[in-house]
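Written below as structure tokens is the structure these notes are about.
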Amino acid sequence: MDGAQIEAMGLLQDPARRSLYEYVVTQGREVGRNEAAQAVGVQRTLAAFHLDRLAEVGLLEVEFRRLTGRSGPGAGRPAKLYRRASTEHAISLPPRDYVRAAQLFGEAIERAGADQSLYAAARDDGLAAGRELAQSSESVSLEQVGDMLRERGYEPYDADGHVRMRNCPFHSVARQFPSLTCGMNVALLEGVLQGSGLSDQYRVRTDPQGDGCCATIGSISNES
Amino acid sequence: MHRCPFHLALLNIGRLRAPIDSPQIKDFMDGLDAINALAERSPGFVWRYTSPGLNNATATRPFSDDDILINFGTWESREQLWDFVYRSQHLEYLVRRREWFQHMAEPFLVLWWIPAGHTPTLEEARQRLDKLRRDGPSPEAFTFRQPFEAPQNELEPTPAPDR
């Protein structure tokens with residue numbers, strides 16, 4: 001059992017600390033102590049203490065930057081900013097290694113040229129998830145799809161009427177098999193839209209930006 | 001910014017599933033100009049091979065198998081090439097590759113370091129792919145998944161492999 005991982009995750013038991021961590025993560029950018037303290041409703045020095053503990057165990061990363069853009073003497077001290085660390089943290093008990101299995105499956109699909117089998121399987125999986133959503137309500141809203149995406153770790157947010165997703169849940173597998181993983185993801189999301197009855201209103205597009213999910217969901221009527 | 005005296009060359013090939021002017025290949029052909037233009041304005045782009053008289057390389061068939069198309073160019077760094085290949089609109093075409101190109105069991109993509117500003121020849125590219133296929137990844141011919149760093153010694157770029 002990895003003591004460092006357990007210590008890191010254990011820190012999130014404290015509710016204030018967890019709220020601060022979740023606030024920083026949800027902003028998708030660097031956050032200063034004062035902003036985080038105010039958003040969560042804790043005192044500034046307590047927020048600083050918690051944020052620094054989270055940085056110490058590698059859940060957050062620290063950057064110093066002058067927010068005003070000035071430099072030189074008299075420009076003011078640089079602000080201490082926090083953002084989510086890119087290191088992955090996981091504890092699995094009993095020990096599981098799904099990443100390794102996924103990498104081997106990916107290698108096999110790559111060698112066999114079975115891209116389209118993978119996409120078909122992903123589409124079917126998305127269809128089933130979309131149909132499940134449709135069963136529990138009269139008509140499914142995009143917000144409900146967003147909730148499902150949030151549960152799955154995509155971290156969806158609204159960007160000019162499109163749904164963008166800040167996190168790739170398949171990150172390390174996507175680095176090794178980019179086109180297989182992204183194709184799989186797009187097919188899965190298309191299946192969700194189809195299964196939930198939203199595919200005449202919304203469409204999945206491949207549009208990678210930065211480190212986040214390669215796909216966006218946009219309204220068909222908004223397209224030129 | 002420190003300028004590396006080496007650039008990265010790329011050759012990747014694909015065997016068409018159907019004749020190039022068939023309906024099955026239409027979406028690939030229709031997208032070529034836009035993707036080539038995207039490559040040219042992407043950070044790190046240096047040069048791309050085009051068939052004489054064309055804006056793309058589709059008339060050039062340097063392999064004995066006439067269905068094999070090539071994509072051949074040079075970039076300033078592996079990271080910038082990665083960003084274009086996998087983190088741009090180009091990704092959409094990659095995901096659809098199996099609609100247009102047959103599966104190939106042997107390696108179909110090779111990377112190698114060249115002196116900055118050198119324009120590699122088709123023959124050089126073919127040799128590098130042969131080297132990769134013969135010996136697996138090495139400093140002379142490698143892949144994204146098994147990369148090698150640019151040579152340290154400015155006076156000795158990686159030599160072309162022996163025949």
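The values are calculated or read from the model by the stated rules, or taken from the named source; none is laboratory data. On a predicted model such as this, the values are computed, not experimentally measured, just so you know. So basically every Cβ, Gly included, is an ideal-geometry build from the backbone, and we count neighbours across all protein chains shown.
Determine whether A:GLY126 is in contact with an Asp or Glu (Cβ under 8 Å, 6 or more places away or on another chain) and either more than 25 Å from A:GLU35 (Cα to Cα) or free of Cβ contacts under 8 Å to residues at least 12 places away in the same chain (or both). Give the steps one after another, and end with the answer.
Details: in contact with an Asp or Glu (Cβ under 8 Å, 6 or more places away or on another chain): yes; either more than 25 Å from A:GLU35 (Cα to Cα) or free of Cβ contacts under 8 Å to residues at least 12 places away in the same chain (or both): yes.
The answer is yes for A:GLY126.
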Quick test of your reading of the structure: B:ALA34 fulfils all but one of (1) within 14 Å of another protein chain (Cβ to nearest Cβ); (2) in contact with a helix residue (DSSP H, G or I) (Cβ under 6 Å, 6 or more places away or on another chain). Name the failing condition by number.
(2)
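Give me a count of the residues in the range B:132-147 that are in a loop (DSSP other than H, G, I, E, B) and in contact (Cβ under 8 Å) with a residue 24 or more places away in the chain.
To start, the set of residues in the range B:132-147 that are in a loop (DSSP other than H, G, I, E, B) comprises B:136-137, B:139-140, B:143-147.
Retained after the next criterion (residues that are in contact (Cβ under 8 Å) with a residue 24 or more places away in the chain): B:139-140, B:143-144, B:147.
Going through the range B:132-147 one residue at a time, the tally reaches 5.
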Would you tally the residues in the range A:50-80 being surrounded by 14 or more Cβ atoms within 10 Å (Cβ to Cβ) and either free of Cβ contacts under 8 Å to residues at least 40 places away in the same chain or not assigned by TED's automatic domain parsing to the domain that holds A:LEU20 (or both)?
7
Any hit, the range B:133-144, residues being at pLDDT below 95 and not aromatic (Phe, Trp, Tyr)
no
Does A:ARG150 satisfy being basic (Lys, Arg) and more than 30 Å from B:PHE84 (Cβ to Cβ)?
yes
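Does A:ARG18 satisfy the condition of being surrounded by 15 or more Cβ atoms within 10 Å (Cβ to Cβ), touching a strand residue (DSSP E or B) at 6+ places or on another chain (Cβ under 9 Å) and either in the same structural domain as A:ARG150 (by TED's automatic domain parsing) or free of Cβ contacts under 8 Å to residues at least 60 places away in the same chain (or both)? Steps first, answer last, please.
Working: surrounded by 15 or more Cβ atoms within 10 Å (Cβ to Cβ): yes; touching a strand residue (DSSP E or B) at 6+ places or on another chain (Cβ under 9 Å): no; either in the same structural domain as A:ARG150 (by TED's automatic domain parsing) or free of Cβ contacts under 8 Å to residues at least 60 places away in the same chain (or both): yes.
Spelling it out, it is not the case that A:ARG18 is surrounded by 15 or more Cβ atoms within 10 Å (Cβ to Cβ), touching a strand residue (DSSP E or B) at 6+ places or on another chain (Cβ under 9 Å) and either in the same structural domain as A:ARG150 (by TED's automatic domain parsing) or free of Cβ contacts under 8 Å to residues at least 60 places away in the same chain (or both).
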Among the candidates A:GLY130, A:GLY183, A:GLY210, residue that is in contact with a helix residue (DSSP H, G or I) (Cβ under 6 Å, 6 or more places away or on another chain) and within 11 Å of chain B (Cβ to nearest Cβ):
A:GLY183
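When only residues in the range B:101-131 that are away from chain A (no Cβ under 14 Å) and in a strand (DSSP E or B) count, which is farthest from B:TRP47 (Cα to Cα)?
Filtering the range B:101-131 down to residues away from chain A (no Cβ under 14 Å) leaves B:110-131.
Retained after the next criterion (residues that are in a strand (DSSP E or B)): B:110-115.
Working: B:VAL110: 16, B:LEU111: 14, B:TRP112: 14, B:TRP113: 14, B:ILE114: 13, B:PRO115: 13 Å.
Here the residue is B:VAL110.
Identify, from the list A:ALA128, A:ALA108, A:ALA122, A:ALA112, the residue that is surrounded by 15 or more Cβ atoms within 10 Å (Cβ to Cβ) and assigned by TED's automatic domain parsing to the domain that holds A:ARG175. Break it down into steps so the answer makes sense when it comes.
Numbers: A:ALA128 fails: surrounded by 15 or more Cβ atoms within 10 Å (Cβ to Cβ); A:ALA108 fails: surrounded by 15 or more Cβ atoms within 10 Å (Cβ to Cβ); A:ALA112 fails: surrounded by 15 or more Cβ atoms within 10 Å (Cβ to Cβ).
On inspection, the qualifying residue turns out to be A:ALA122.
From the list B:SER42, B:SER64, exactly one residue is at pLDDT below 95, among the polar types (S, T, N, Q) and either over 21 Å from A:TYR119 (Cα atoms) or assigned to a helix (DSSP H, G or I) (or both). Which is it? Before the answer, list the steps.
Working: B:SER42 fails: at pLDDT below 95.
Testing whether each residue is at pLDDT below 95, among the polar types (S, T, N, Q) and either over 21 Å from A:TYR119 (Cα atoms) or assigned to a helix (DSSP H, G or I) (or both) leaves just B:SER64.
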What number goes with the only condition from (1) within 19 Å of A:SER139 (Cβ to Cβ); (2) within 13 Å of another protein chain (Cβ to nearest Cβ) that A:GLY191 does not pass?
(2)
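Identify all residues within the range A:75-104 that are outside any loop (DSSP other than H, G, I, E, B) and among the small types (Gly, Ala, Ser); write none if there are none.
So in the range A:75-104, the residues outside any loop (DSSP other than H, G, I, E, B) come out as A:79-84, A:98-104.
Passing the criteria: A:ALA79, A:ALA101, A:ALA102.
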Only listed residue being buried (at least 20 other Cβ atoms within 10 Å of the Cβ), under 23 Å from A:THR206 (Cβ atoms) and not aromatic (Phe, Trp, Tyr), chosen from B:LEU16, B:LEU81
B:LEU81
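Among the candidates A:GLY126, A:GLY41, single out the residue that is at pLDDT 95 or above and in contact with a Leu (Cβ under 8 Å, 6 or more places away or on another chain).
Values: A:GLY41 fails: in contact with a Leu (Cβ under 8 Å, 6 or more places away or on another chain).
None of the others qualify; the one that does is A:GLY126.
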Scan the range B:101-120 and report the pairs whose first residue is under 25 Å from B:SER77 (Cα atoms) and free of Cβ contacts under 8 Å to residues at least 12 places away in the same chain and whose second residue is part of a loop (DSSP other than H, G, I, E, B) and not aromatic (Phe, Trp, Tyr), with Cβ atoms within less than 8 Å and a gap of 6+ or a chain change.
none
Scanning the range A:131-159 for residues that are over 17 Å from the mean Cα position of the chain (by Cα) and either closer than 25 Å to A:PRO178 by Cβ or of a type in the set (Asp, Glu) (or both), the one surrounded by the most Cβ atoms within 10 Å (Cβ to Cβ) turns out to be A:GLU132
I'd like to check something: does the range B:70-86 contain any residue that is in a helix (DSSP H, G or I), within 17 Å of B:ASN12 (Cα to Cα) and of a type in the set (S, T, N, Q)?
yes
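If you check A:ARG166, A:ARG150, A:ARG205, A:ARG175, which single one turns out to be farther than 17 Å from A:ALA122 by Cβ and within 14 Å of chain B (Cβ to nearest Cβ)?
Numbers: A:ARG166 fails: within 14 Å of chain B (Cβ to nearest Cβ); A:ARG150 fails: within 14 Å of chain B (Cβ to nearest Cβ); A:ARG205 fails: farther than 17 Å from A:ALA122 by Cβ.
Within the list A:ARG166, A:ARG150, A:ARG205, A:ARG175, the selection yields A:ARG175.
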Any residue at all in the range B:62-76 that is within 13 Å of chain A (Cβ to nearest Cβ) and either buried (at least 16 other Cβ atoms within 10 Å of the Cβ) or without any contact (Cβ under 8 Å) to a residue 24 or more places away in the chain (or both)?
no
